[in-house]
1. Extending each Cα 7 Å along its Cβ direction at residue 61 and residue 94, get the distance between those two points in nm, one decimal.
2. Calculate how steeply helix 35-56 sits against the longest principal axis of the alpha-carbon atoms of the chain, using the helix alpha-carbon long axis, and give the answer as 0 to 90 degrees to the nearest 10.
3. Principal axes first, then extents: for the Cα atoms of the chain, list largest minus smallest coordinate on each axis, whole Å, largest first.
4. Could you work out the longest stretch of the chain that avoids the trypsin sites (Lys or Arg not before Pro) located in DSSP loops with at most 11 other Cβ atoms within 10 Å?
5. In deg cm²/dmol and to the nearest 500, what is the mean residue ellipticity at 222 nm of the chain if only DSSP H runs of at least 4 residues count, each as -39500 (n - 2.57), divided by the residue total?
6. Once you charge only the Cβ atoms, +1 for Lys and Arg and -1 for Asp and Glu, what is the size of the charge dipole of the chain about its Cα centre, to the nearest 20 debye?
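We did not get these values from a lab; they are worked out from the coordinates using the rules stated. Note that the coordinates shown come from a computational prediction; the quantities given were computed from them, not determined experimentally. Reconstructed Cβ throughout: ideal geometry from the backbone, glycine too, with neighbour counts over all protein chains shown.
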Amino acid sequence: MTGVGRVLVVVYAIMALGATGRSFVQIVERFDEAPLAYSLSAAAAVVYIVATLALVFSGSKAWYVVAWVAICFEMLGVIVVGTLTFVMPALFDHPTVWSWYGEGYLFIPLALPFLGLWWLVTHRPGAAPERAGEPAVERSSW
């Protein structure tokens, strides 16, 4: 993995660390205050960890599928939780990683799944890289 792929993995890893740290502190110190919000932060942490690993190993077809599932779940989570913070703010008196579409993380949680899915679409395992003006071709399986 080179270039944009490496940057994407680094950003996912940073989000995994940030979400894990945040959810750990929230759950240990005040879980009883907002169990839903803090559980969602923990879920986001798990998703970012899985997505990071899946992107690193996405050269295999199994990890490629795991990456798709994790990143689609992430996108759904950001959109649903972000929308609910506007529509039903009482549910989220305490912020989560995905509250307000990731406002506390500079909206990176909103942009990241789109970039991740773009990467997956353009870097399928088994597909040869495209050259200017030539269509992509499948690699031989031997």
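1. 4.4
2. 20
3. 56, 27, 22
4. Value returned for the longest uninterrupted segment is 1-130.
5. -22500 deg cm²/dmol
6. Dipole magnitude for the chain comes out near 480 debye.
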